[in-house]
1. State, to one decimal in nm, how far the label point of residue 194 lies from the label point of residue 22, with both points 7 Å from Cα in the Cβ direction.
2. Which net charge results for the neighbourhood of residue 201, defined as the other residues with beta-carbon distances under 9 angstrom from its beta-carbon, given Lys and Arg at +1 and Asp and Glu at -1?
3. If you keep only loop residues by DSSP, which trypsin sites (Lys or Arg not before Pro) in region 1-37 have at most 16 other Cβ atoms within 10 Å of their Cβ?
4. For region 29-42, take each phi angle, set θ = phi - 60°, evaluate the Karplus expression 6.51 cos²θ - 1.76 cosθ + 1.60, and give the result in whole Hz per residue in order, putting x for glycine and proline.
5. Would you mind counting up the charge near residue 102? Only other residues with Cβ under 12 Å from its Cβ, with Lys and Arg at +1 and Asp and Glu at -1.
Amino acid sequence: MQVPQLLVLFGSQTGTAQDEAERLGREARRRRLGCRVQALDSYSVVRLGRYGGDPPPDFAPSDGGRLSEGGGGMRCREGTDQGCQRPYIYLCLVLEANLIREPLVIFVCATTGQGDPPDNMKNFWRFIFRKSLPSSSLCQMDFAVLGLGDSSYAKFNFVAKKLHRRLLQLGGSALLPPCLGDDQHELGPDAAIDPWVGDLWEKIMVMYPVPL
């Protein structure tokens, strides 16, 4: 069985979530797991890909247009737009989702203000809550969510809880319930994080044993 590469994505406002994500990355490598650690908004959720065939059948310019080869082997259709007769080139490109191809992802997310996501995950936040995303989008993903928050706020760890629910709605399989680190705990957030991380590695190493 091929061991998948682990992806750790973090949303951090003050740097604490980033520190936890990098710690997970180091622990993964000690266990001989390939691992990438990235801020959520630096991860390309989607990428531009080539459309494999001709333009869609409903693309019917008034002048008939013509097919030609564009840069990099892309197929294009050239002609004039219906009605306004403006020149156009139809590039046969599509957006291909990267996230749906990730088999194993750990999300590390802080909650800021009154339940807001950190600045470096706001673009991802808007994307993941698009109503147009199919309910089976993440059916090939095993995931876990580690949250960092402060229980003195009404929306304690709101981002981690909401993200966990959304990933389930999109078909993802949760490895564990979300971890809810609490700054107000007498031992700090590590009181929740340390045992959760131990359980997480145990689960991952059983599901994806590393060859000796």
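1. Placing both labels 7 Å beyond Cα along the Cβ direction yields 2.1 nm.
2. -1
3. Values: sites: 23, 26, 29, 30, 31, 32, 36; in loops: 31, 32.
Here the sparse-neighbourhood loop sites are 31, 32.
4. Result, ordered by residue: 5, 5, 8, 6, 9, x, 8, 10, 10, 9, 5, 4, 7, 8 Hz.
5. With Lys, Arg at +1 and Asp, Glu at -1, the net is +1.
Rule-based calculations on the coordinates, nothing more; no lab input. Just so it is clear, the model here is predicted, and its values are computed rather than measured. Virtual Cβ from ideal backbone geometry, glycine too; neighbours counted across all protein chains shown.
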